[in-house]
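Below is one structure, written out as structure tokens; comments come after it.
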Amino acid sequence: MEIQIAVEFHGQTIPETGTIILLAASKKKWGVSLKKLDKQSGGQIGNAIGVSSFEGDKSDNIEIISPANLTQSRLIVVGLGNEPIEEAREWMKVGGRICGLVKDDPTGVVTVLVEDIGKDFVFTANYIAAIATGFLMKRYDFNLYKTKDKNVDKKGDIKTLAIACRDHRKVARSYQDFDALRAGVFTARDLVNEPGNILGPVEFALRARELEKLGVDVTILDETEMAAKGMSALLAVGQGSERESRLAIMRWNGADNSKNKPLAIVGKGVTFDSGGISIKPSAGMEDMKGDMGGAACVTGLLKTLALRKAKANVIGVIGLTENMPDGKAQRPGDVVTSMSGQTIEVINTDAEGRLVLADALTYTINTYKPRLVIDLATLTGAILVALGKEYAGLFSNNDQLAKRLLKAGEKSGEKLWRMPLGKPYDKLIDSRIADMKNTGGRLAGSTTAAQFLQRYVGETPWAHLDIAGTAMGSPKTELSSGWGSGFGVQLLNEFIAQNYE
Ligand code: BES
Ligand code: MN
Ligand code: ZN
């Protein structure tokens with residue numbers, strides 16, 4: 001949801017009212033403005049720091065309410081630690097920490113004063129823009145269905161985040177790209193957080209359609225069009241739902257040469273996964289509204305790329321469907337023919353994501369001949385068993401692509417861990433009566449799912465990201481209030497900016 005906080009950048013003057021955030025590297029390492037304020041207050045800040053346990057560490061902060069001789073309502077000194085911080089991502093986390101420290105202010109304005117501290121902390125425009133972005137990322141709150149608090153101005157709500165800094169015009173320019181990223185992440189989070197009754201495949205496709213306003217070409221295939229193209233694997237998943245399936249294609253042509261082969265990003269968009277006839281146990285089933293985290297990421301990413309006018313050609317394809325068990329639902333044991341012509345024996349209707357992706361991948365590769373394809377999917381519970389919520393699983397048939405993704409993961413903080421693929425695993429999905437079956441047994445569940453997908457990509461450089469542990473049910477972090485994390489948007493934005501623009 002769009003956040004109701006205005007962000008402003010101005011020069012390094014200290015406003016006379018509101019909450020002021022100041023940065024310190026240790027008990028004594030301060031910038032000049034902090035020193036000046038301390039002097040004005042008759043040394044109150046220094047005294048407060050002196051008697052407290054504030055050491056300037058990354059976890060330290062000290063709050064002085066109504067400081068002596070000063071007109072501001074409150075000063076908060078935030079520790080930066082003694083090590084220089086040289087990643088925009090880390091500055092975003094500082095912004096997120098600051099957000100956690102200010103709930104309200106009588107003026108509704110919080111000002112972060114950013115000034116160099118000795119040689120250790122020299123602020124580039126990017127770092128400063130990252131602080132503002134981190135603040136907003138952490139403030140995100142999915143409160144659409146809270147009827148009590150919503151739209152009621154609570155006393156002291158923060159309305160403006162002001163950044164007082166050097167070169168503020170340059171910072172404001174740099175902030176545009178960061179804000180494009182933030183907006184894409186929010187879109188992805190919104191989509192994941194929406195309940196299944198509100199956001200079905202048709203409604204999701206309409207959300208994708210909204211990107212047209214930003215210059216993205218959007219095409220939506222309905223069930224008749226999909227059937228005509230032979231997408232029986234995807235359609236089989238939606239067979240037991242009252243709701244229709246959709247395939248949405250979002251195309252951003254930002255490269256100087258619009259004919260350059262595109263990058264393709266494909267997402268699993270199961271708007272609710274009950275398991276189908278192989279129904280899931282009821283405990284925790286409500287979480288399966290988030291089984292479209294891959295599609296949410298693709299949609300958010302395309303929004304970011306369009307907003308920042310990325311110089312790359314990117315196709316986003318999302319397979320949208322709902323997996324439900326009614327009289328028309330597919331049965332365990334059914335055989336379906338995918339768009340590629342390969343047949344699949346459906347052993348377990350709860351292994352539906354790979355059926356959706358099989359046709360989405362075939363369609364994407366046949367239609368666009370992309371230079372590479374990356375799919376994202378909340379595909380297996382097994383990836384949670386292997387990696388928990390720290391890393392998403394990375395599977396790839398191409399070492400260079402894998403390396404680039406791993407690097408973007410480290411840089412963006414959306415980390416990946418490479419998992420194995422190989423012939424012996426592939427054998428586990430051979431079927432007695434069809435070309436393959438959709439489960440590979442108890443062992444290596446995430447890898448056998450990836451092997452299944454690999455049968456649909458041929459020679460195209462391909463990577464599969466299993467984001468079941470990272471996109472939904474996510475913990476609170478420095479930059480997120482939890483559940484829908486928007487995982488993948490920052491990662492792939494970084495990946496594209498680093499390698500393809
Ligand atoms: N959407 C689930 C995977 C999932 C599990 C996502 C937990 C998020 C959290 C997927 O469709 C699924 O049900 N996979 C099965 C595959 C099995 C039947 C081979 C699984 O992981 O149990
Ligand atoms: Mn499932
Ligand atoms: Zn699923």
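The values are calculated or read from the model by the stated rules, or taken from the named source; none is laboratory data. From a predicted model like this one, the values you see are computed outputs, not experimental measurements. Positions of Cβ are generated from backbone atoms using ideal geometry, with glycine treated the same way; all protein chains shown enter the neighbour counts. Ligands, DNA and RNA are excluded from the accessible area calculation, which covers all protein heavy atoms including side chains. Shrake-Rupley method; radii C 1.70, N 1.55, O 1.52, S 1.80 Å.
Each part reduced to its alpha carbon centroid, region 221-293 and region 71-136 end up 40 Å apart. Based on alpha-carbon atoms only, what is the radius of gyration of region 6-166 relative to the globular estimate 2.2 N^0.38 Å? Against the compact-globule rule of thumb, the ratio is 1.02.
Which of the three applies to region 347-501, rounded, prolate or oblate, going by the alpha-carbon gyration tensor with a ≥ b ≥ c and a/c under 1.5 meaning rounded?
On the way: a/c = 1.90, a/b = 1.29, b/c = 1.47.
Taking the square roots of the gyration eigenvalues as a ≥ b ≥ c, region 347-501 is oblate.
When peptides 309-317, 211-219 are ranked by their average number of other Cβ atoms within 10 Å per residue, the highest-first order is 309-317, 211-219. Placing unit charges on the Cβ atoms of the charged side chains and taking the dipole of region 302-449 about its Cα centre, the candidate lying farthest along the positive direction among TRP417, ALA351, ALA386 is TRP417. Summary of packing: across the peptides 237-245, 29-37, the per-residue average of other C-beta atoms within 10 Å ranks them, highest first, as 237-245, 29-37.
A cut-off under 13 angstrom between Cβ atoms defines the neighbours of GLY393, and their net charge, with Lys, Arg +1 and Asp, Glu -1, is -1. Remark: the Cα gyration tensor places region 340-431 in the oblate category, a/c being 1.5 or greater and a/b not exceeding b/c.
Computed from Cα positions, the angle between helix 88-101 and the longest principal axis of the chain comes to roughly 70 degrees.
LYS261 contributes an accessible area of around 120 Å² to the protein surface, as traced by a 1.4 Å probe with all chains present. Restriction of the GluC sites (Glu not before Pro) in region 393-471 to DSSP coil positions whose beta-carbon has at most 11 other beta-carbons within 10 angstrom yields GLU459.
Rounded, prolate or oblate: pick one for the chain, where a ≥ b ≥ c are the square roots of the eigenvalues of its C-alpha gyration tensor, a/c under 1.5 means rounded, and failing that, prolate if a/b is larger than b/c, else oblate.
Prolate.
Angle of helix 125-139 to the longest C-alpha principal axis of the chain, folded into 0 to 90 degrees and rounded to 10: 70°. Within the assembled protein chains, the solvent-accessible surface assigned to ARG97 is about 60 Å², based on a 1.4 Å probe.
Ignoring lysines fewer than eight residues from LYS29 along the same chain, the ones with Cα atoms less than 18 angstrom from its Cα are LYS39, LYS58, LYS119. For region 404-450, the fraction of C-alpha pairs more than 16 angstrom apart is 51%.
Dividing the helix sum by the residues of the chain, where each DSSP H run of 4 or more adds -39500 (n - 2.57), gives a mean residue ellipticity at 222 nm of -10500 deg cm²/dmol. Taking a straight Cα-Cα cut-off under 20 Å and skipping sequence neighbours fewer than 8 places away in the same chain, the lysines within cross-link reach of LYS309 are LYS170, LYS213, LYS259, LYS261.
To the nearest ten degrees, helix 445-454 and the longest principal axis of the Cα atoms of the chain are 70 degrees apart. The order of the peptides 47-57, 474-484 by mean Cβ neighbours within 10 Å, most packed first, is 474-484, 47-57.
Under 13 Å from the Cβ of THR362, count the other residues' Cβ atoms, weight Lys and Arg +1, Asp and Glu -1, and hand me the total.
Overall, the nearby charge balance is +2.
Need one number: convex hull volume per residue for region 259-374, Cα atoms only, in Å³.
On the way: hull volume 12.1 nm³, N = 116.
Per residue, the Cα convex hull of region 259-374 comes to 104 Å³.
Give the Debye-formula value of log10 I(q)/I(0) at each listed q (0.12 Å⁻¹), with one equal scatterer per alpha carbon of region 10-96, two decimals each. Debye output, listed in q order: -0.35. Of all aspartates and glutamates in the structure, the ones whose alpha carbon falls short of 18 Å from that of LYS427, not counting any fewer than 8 places away in one chain, are GLU345, ASP435.
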